[in-house]
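Below is one structure; the comments refer to it alone.
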Amino acid sequence: MKLFSFWRSLATYRVRIALNLKGLKPEVVSIDLIKGDQRTPAFKAVNPQMVIPALVDGEGPVLFQSLAIMEYLDEVHPHPPLLPTDPRARAFVRGIAQIVACDSHPLLVPRIRAYLENELKLDEPARLKWIRHWIAEALDAIETHLAHDGMTGRFCCGEQPTIGDICLASQAAGAGFFGVDLKPYPTFARVVDACMQIEAFAAAHPLKQPGAPVSHQ
Ligand SMILES: N[C@@H](CCC(=O)N[C@@H](CS)C(=O)NCC(=O)O)C(=O)O
């Protein structure tokens, strides 16, 4: 197994957590997003979308998109499970995961930030305002679901970490990078704290990866 990764990639963080929970240790290939390695022809041949994560497992075609990769890992390596069995609980977990991975995180990725800067000529304060706005919008919705839907226990859905919690951990890391205060989101913060007590989550954190600075804004 080979994981194309970069220390600060939030989408790759999600896959790193899933791999750790499953006890899988792929070879890691660094794609430096700051230098633009993702746009080289060599990496485009791996993942035509020119984004990470990408996971190569054996002979098969490359696996792409963090949510799809995590569900693949869960199907091929079912223990411990990353989704509950109850259909409504599965829908809840997938819904939480999608708020993060489909609606919030895509608005902050490097190519979007570069477009805001280079095409729309937004200065840094305006770009930061954009990023914080979309992180906070997602956090508002997530907090409401976690606090009021009756699904949340120690983790976002019950007592075992799932793909939903993995996505919450990535949302928290993004909030940390961009200085979003988590005080208005106490249930979210509590669930993320519970996640970070698990080594599989803590060891996968962006700031624990090779190449990461000691702290990062
Ligand atoms: N929806 C994708 C997001 C993939 C993505 O945008 N990854 C970022 C890093 S977190 C990336 O590689 N960006 C490269 C760029 O924007 O140029 C997933 O969840 O896998």
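On the principal axes of its alpha carbon atoms, the range 35-126 extends 47, 34, 15 Å, with the longest extent given first. Placing unit charges on the Cβ atoms of the charged side chains and taking the dipole of the range 87-204 about its Cα centre, the candidate lying farthest along the positive direction among ILE112, MET196, ALA172 is ILE112. A Cβ-based charge dipole, computed about the Cα centre of the range 128-190 with Lys and Arg at +1 and Asp and Glu at -1, lands at about 200 debye.
Only Lys, Arg, Asp and Glu carry charge here, each on its Cβ (+1 for the first two, -1 for the last two); on that basis the chain has a dipole of about 380 debye about its Cα centre.
With the cut-off at under 15 Å, measuring from each backbone N in the range 20-40 to a point 7 Å along the Cα-to-Cβ line of ARG111 picks out 33-34, 36-40. Taking a sphere under 12 Å around the Cβ of PHE201 and counting the other residues whose Cβ falls inside, with K and R at +1 and D and E at -1, yields a net charge of 0. Cα-based radius of gyration for the range 128-217, normalised by 2.2 N^0.38 Å, reads 1.08.
In angstrom, the C-alpha Rg and Dmax of the chain are 16.8, 48.
Projecting label points 7 angstrom from Cα along Cα→Cβ for LYS35 and LEU207 puts them 2.5 nm apart. Only one residue of VAL62, HIS79, VAL51 has its Cα farthest out toward the positive end of the dipole of the range 20-84, where Lys and Arg carry +1 and Asp and Glu -1 on Cβ, and that residue is VAL51. Of the candidates LEU120, LEU182, LEU108, which one comes out as most mobile in a Gaussian network treatment of the chain with C-alpha springs shorter than 10 Å? The residue with the greatest mean-square fluctuation here is LEU120. When the solvent-accessible area of the range 75-217 is split by element, carbon and sulfur atoms take up 56 percent of it, the probe being 1.4 Å. Give the calculated FRET efficiency between LYS25 and LYS129 to the nearest 0.05, with a Förster radius of 35 Å applied to their Cβ-Cβ distance. After rounding to 0.05, the efficiency reads 0.30. Between LYS44 and HIS148, the FRET efficiency from the beta-carbon distance, with R0 = 45 Å, is close to 0.55. Annotation: amide H-H contacts under 5 Å for SER9 (H modelled 1.01 Å from N, sequence separation of 5 or more, or interchain): none.
The values are calculated or read from the model by the stated rules, or taken from the named source; none is laboratory data. Computed from a predicted structure; not experimentally measured. Cβ atoms come from the backbone with ideal geometry, glycine included; neighbour counts cover every protein chain shown. SASA here: full protein model, heavy atoms, side chains in, ligands and nucleic acids out. Shrake-Rupley method; radii C 1.70, N 1.55, O 1.52, S 1.80 Å.
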